[in-house]
């Protein structure tokens with residue numbers, strides 16, 4: 001599967017062309033506005049001038065994040081003794097104040113870290129068997145269980161009721177999951193039927209599926225980016241799905257688009273948030289070679305969606321600049337911006353930013369703030 005995605009990106013693919021309008025050069029630039037999901041709906045604009053107000057009324061972890069963003073030099077960093085492969089390929093979840101689970105998606109490893117003893121333990125490694133990881137895409141925690149979705153059409157559950165965590169079961173799927181959530185009964189999965197060279201391949205009508213514990217699809221909803229060129233969809237398609245049990249909301253984003261979609265319990269659009277300072281990257285489709293190239297510089301993407309205390313949505317975006325820009329006397333090529341939405345009343349605000357010459361990311365769990373930078377993970381004490 002990873003080889004298929006690689007071929008997509010480098011534009012060596014065979015498929016049928018779509019019916020998009022083409023420029024004089026024959027190239028088609030995406031996204032096309034009318035093809036964006038729910039583009040005809042009204043949206044709520046979010047920008048950096050709308051600073052979060054009353055931050056002391058927010059949960060403690062959001063206050064910690066806000067504090068670190070505004071005064072990083074006043075925080076202590078504690079290095080976790082575990083090298084990691086990158087910024088976009090690492091996720092961290094906490095089981096307790098002392099036990100952390102770290103998923104390195106590039107190396108396909110799940111590692112448990114004990115903060116009190118400063119020890120690491122390998123829980124799962126790359127492989128195709130039960131309890132193994134292959135082409136990991138997303139990790140989520142529900143109660144004291146860890147779920148990992150994998151591009152080879154499965155979700156695996158690891159029980160952490162007792163530590164160390166142990167493999168529990170695998171749910172087989174008939175499509176490739178990109179991101180997923182869990183609502184204590186069923187899986188909510190954002191994904192796509194994989195393209196395996198079929199001449200009659202059809203893009204899925206809906207992008208999100210409700211799946212039972214055996215992998216059966218109960219229903220589906222949500223819109224894909226509207227295109228008949230599967231290679232365009234596969235270049236744009238990465239994104240996130242989250243679930244708030246308190247509000248019974250399904251929250252969805254597509255990585256390369258500046259929208260946050262909130263669906264209600266009837267799977268209908270409740271509201272759409274638009275990130276107005278998001279730099280829209282261009283995906284260029286070449287109908288001659290039947291290939292698509294993703295944006296490389298001067299573009300933004302939604303790095304992550306994180307729900308805190310089942311109600312507060314943290315949105316992390318990253319912008320990759322073509323040239324060094326100045327940010328408070330810092331030289332910056334990679335800028336991360338952080339927004340918060342109170343899902344209960346849909347108030348929202350800007351938390352702050354982090355800027356650097358090299359890729360980095362700030363991660364949060366219910367208990368901790370982490371910095372992922374230069375192949376290392378640091379626990380942040382504010």
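Readers should treat all values here as calculations from the given coordinates under stated rules, not as data from a laboratory. This structure is a prediction, so every number in the text was calculated from the model and none was measured. A quick note on method: Cβ atoms are made from the backbone with ideal geometry, for glycine too, and the neighbour counts reach across all protein chains shown.
See the values below:
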item	result
Number of the condition not met by residue 252 [criteria: (1) surrounded by fewer than 24 Cβ atoms within 10 Å (Cβ to Cβ); (2) under 29 Å from residue 319 (Cβ atoms); (3) in contact (Cβ under 8 Å) with a residue 60 or more places away in the chain; (4) in contact with a strand residue (DSSP E or B) (Cβ under 8 Å, 6 or more places away or on another chain)]	(1)
Residues of the stretch 59-87 that turn out to be outside any helix (DSSP H, G or I) and over 23 Å from residue 145 (Cα atoms), as a count	11
Output for the stretch 48-58, where each listed residue is surrounded by 13 or more Cβ atoms within 10 Å (Cβ to Cβ) and either in contact with a strand residue (DSSP E or B) (Cβ under 7 Å, 6 or more places away or on another chain) or assigned to a loop (DSSP other than H, G, I, E, B) (or both)	48, 50, 52, 58
Lone qualifier among 193, 227 - being out of contact with any strand residue (DSSP E or B) (no Cβ under 6 Å at 6 or more places or on another chain), without any contact (Cβ under 8 Å) to a residue 24 or more places away in the chain and surrounded by 15 or more Cβ atoms within 10 Å (Cβ to Cβ)	193
Odd one out for residue 148, checked against (1) more than 15 Å from residue 191 (Cα to Cα); (2) in contact with a strand residue (DSSP E or B) (Cβ under 7 Å, 6 or more places away or on another chain); (3) free of Cβ contacts under 8 Å to residues at least 60 places away in the same chain	(1)
Close pairs from the stretch 89-111: first on the phi > 0 side of the Ramachandran plot and in contact (Cβ under 8 Å) with a residue 24 or more places away in the chain, partner in a strand (DSSP E or B) and crowded, with 21+ Cβ neighbours inside 10 Å, Cβ under 9 Å, at least 6 apart	108/124; 108/133; 108/136; 108/150
Sole residue being in contact (Cβ under 8 Å) with a residue 12 or more places away in the chain, within 18 Å of the chain's Cα centre (by Cα) and surrounded by fewer than 16 Cβ atoms within 10 Å (Cβ to Cβ), chosen from 182, 142, 201	142
Unmet criterion (only one of (1) in contact with a helix residue (DSSP H, G or I) (Cβ under 9 Å, 6 or more places away or on another chain); (2) in a helix (DSSP H, G or I)) for residue 40	(2)
Count - residues of the stretch 296-322 that are under 17 Å from the mean Cα position of the chain (by Cα), free of Cβ contacts under 8 Å to residues at least 40 places away in the same chain and over 18 Å from residue 353 (Cα atoms)	0
Criterion (more than 17 Å from the chain's Cα centre (by Cα) and farther than 12 Å from residue 65 by Cβ) met by exactly one of 353, 326	326
Yes/no for residue 336 being farther than 30 Å from residue 246 by Cβ and within 20 Å of the chain's Cα centre (by Cα)	no
